[in-house]
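Novice: Supplied in structure tokens, the structure appears directly below.
The values are calculated or read from the model by the stated rules, or taken from the named source; none is laboratory data. Bear in mind that the values here come from a model prediction, so they are computed numbers and not experimental data. Virtual Cβ from ideal backbone geometry, glycine too; neighbours counted across all protein chains shown. These accessible areas exclude ligands, DNA and RNA; they are computed on the full protein's heavy atoms, side chains included. Shrake-Rupley method; radii C 1.70, N 1.55, O 1.52, S 1.80 Å.
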Amino acid sequence: RHFVAFDAGTGLVQLTQFAAQVPDEVERRAFDLAFAECWPELRASVVKEDPNRAVLLHTGTRVRRYLCILYLVESSPVLAQTLGWQLVKAIGDADLVTDDHGSSFVAQTLLRNQPGRLKPLGRLRALELPHGSDVIIFVDAIFKARTVSHFAKTLAGRGLRVRGVVTCADLRKPPVGSVGDGIPVTSLMRIPDFDPEELGPAPEGVSDVQ
């Protein structure tokens with residue numbers, strides 16, 4: 001569905017659309033195969049892991065290792081543009097909303113070169129949308145889905161229709177395919193062989209990576 005084009009003048013590599021139609025499932029399989037091929041090389045630069053220190057997520061969960069989605073999407077302009085097209089398709093005519101600055105920044109990175117100048121709305125702006133508005137929640141990654149499920153419940157309580165959740169990576173094992181009360185989840189990437197490995201509370205005097 002896309003050509004890879006190189007502009008010698010600017011040094012930029014971009015995807016360009018062409019008229020041939022490729023079924024979505026074929027395009028998805030091709031992307032998954034290509035990403036799985038590149039993942040071993042990418043892993044070292046996007047996974048934070050220290051054998052002597054755990055990682056404390058902003059949600060308060062302690063894990064053995066952390067996948068930085070921002071580093072991942074910024075590792076390749078073609079990857080970011082491909083995921084951006086997938087995100088635009090998933091949004092449709094709904095408003096895109098996020099619940100934290102990290103997810104908002106990742107969404108802006110993916111949408112940077114997309115047509116239409118789509119811009120994600122933060123939590124406060126989302127809660128100001130008119131009653132009955134359709135929204136899609138974007139989160140950079142899903143680990144346990146508690147935070148996004150709570151956000152979806154808050155939006156629904158304000159009279160908004162949460163049509164779905166889009167994430168770069170659903171890290172639940174196995175991926176459930178939904179959050180909350182059956183809200184469908186679209187995962188833009190399938191991350192091979194990655195387990196954050198949740199840990200218990202930190203022992204007294206132990207400092208975690210944040």
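Novice: Counting only protein chains, not ligands or nucleic acids, how are ASP181, ASP50 ordered by accessible area (probe 1.4 Å), most first?
Specialist: ASP181, ASP50
Novice: If you take every DSSP beta bridge whose two residues both sit in the range 129-210, what share of them, in percent to the nearest 5, is antiparallel?
Specialist: Here the antiparallel bridges make up roughly 15 percent for the range 129-210.
Novice: Report, by chain and number, residues whose modeled amide H sits under 5 Å from the one on ILE142, excluding near sequence neighbours (fewer than 5 apart, same chain).
Specialist: ALA169, ASP170, LEU171
Novice: Can you give me the Cα centroid spacing of the range 23-65 and the range 157-210 in angstrom?
Specialist: 13 Å
Novice: Report, by chain and number, residues whose modeled amide H sits under 5 Å from the one on LEU121, excluding near sequence neighbours (fewer than 5 apart, same chain).
Specialist: LEU96, VAL97, THR98
Novice: Could I ask something else about it? Report the antiparallel proportion of the DSSP beta bridges in the chain as a percent, rounded to a multiple of 5. If you can, show how the numbers build up before the last one.
Specialist: Numbers: 16 of 33 bridges.
Looking only at bridges with both residues in the chain, the antiparallel portion is about 50 percent.
Novice: Just need the relative contact order of the chain here, percent rounded to a whole number, with Cα pairs under 8 Å and 6+ apart.
Specialist: Values: 319 pairs, mean separation 41.0, N = 210.
The normalised contact order for the chain reaches 20 percent.
Novice: Then there is this: Please give the contour-minus-distance gain from HIS101 to LEU70: 0.36 nm per residue of separation, less the Cα-Cα distance, rounded to one decimal in nm. Let's see the in-between values first.
Specialist: Values: separation 31, 0.36 × 31 = 11.16 nm, distance 1.16 nm.
Computed gain between HIS101 and LEU70 is 10.0 nm.
Novice: Of CYS168, CYS68, CYS38, which has the most accessible area with a 1.4 Å probe, and how do the rest follow in descending order?
Specialist: Correct descending sequence by accessible area is CYS38, CYS68, CYS168.
Novice: Scan the chain and note any complete DSSP helix (H) whose C-alpha atoms cover at least 20 Å along its axis and whose Kyte-Doolittle average is -1.0 or more.
Specialist: Numbers: long enough: 24-46 (30 Å, -0.28); 77-91 (21 Å, 0.89).
Helices meeting the span and hydropathy rule in the chain are 24-46, 77-91.
Novice: With all protein chains present, how much of the accessible area of the chain (probe radius 1.4 Å) comes from carbon and sulfur, to the nearest whole percent? Before the final figure, lay out the partial values.
Specialist: On the way: 6500 of 12070 Å².
So the carbon and sulfur contribution to the accessible surface is 54 percent.
Novice: Let's see if you can work this out: charge +1 on each Lys and Arg Cβ, -1 on each Asp and Glu Cβ, no other charges. What is the dipole magnitude of the range 109-160 about its Cα centre, in debye to the nearest 20?
Specialist: 140 debye
Novice: Find the accessible area per residue for the chain; the probe is 1.4 Å, ligands and nucleic acids are left out, and the unit is Å². Walk me through the numbers on the way to the answer.
Specialist: Details: 12070 Å² over 210 residues.
It amounts to 57 Å² per residue over the chain.
Novice: So what is the calculated 222 nm ellipticity per residue for the chain, using -39500 (n - 2.57) for each DSSP H run with n of 4 or more, over all residues, to the nearest 500 deg cm²/dmol?
Specialist: The per-residue figure over the chain is -10500 deg cm²/dmol.
Novice: Taking amide H positions as placed 1.01 Å from N in the peptide plane, with prolines and chain starts having none, which residues 5 or more places from VAL166, or on another chain, fall under 5 Å of its amide H?
Specialist: Here ILE137, PHE138, VAL139, THR186 satisfy the definition.
Novice: Find how much the distance from HIS58 to VAL209 grows on full extension, using 0.36 nm per residue of separation minus their present alpha carbon separation; answer in nm with one decimal.
Specialist: 53.3 nm
Novice: Extension gain HIS150-SER133, at 0.36 nm per residue separation less the Cα-Cα distance, in nm? Please report the intermediate quantities before stating the final value.
Specialist: On the way: separation 17, 0.36 × 17 = 6.12 nm, distance 1.82 nm.
Between HIS150 and SER133, full extension yields an extra 4.3 nm.
Novice: Here's a follow-up. Put +1 on the Cβ of each Lys and Arg and -1 on the Cβ of each Asp and Glu in the range 145-205; which of VAL179, VAL162, THR147 then has its Cα farthest toward the positive end of the dipole?
Specialist: Projecting each Cα onto the dipole axis, the largest value belongs to VAL162.
Novice: Using the Cα centre as the reference, give the magnitude of the dipole from point charges on the C-beta atoms of the chain (Lys, Arg: +1; Asp, Glu: -1; all else neutral), rounded to the nearest 20 debye.
Specialist: Working: 24 positive and 25 negative charges, 92 e Å.
The calculated dipole for the chain is roughly 440 debye.
Novice: Leaving out same-chain residues fewer than 8 places away, which aspartates and glutamates sit with a Cα under 13 Å from that of LYS48?
Specialist: ASP195, GLU197, ASP208
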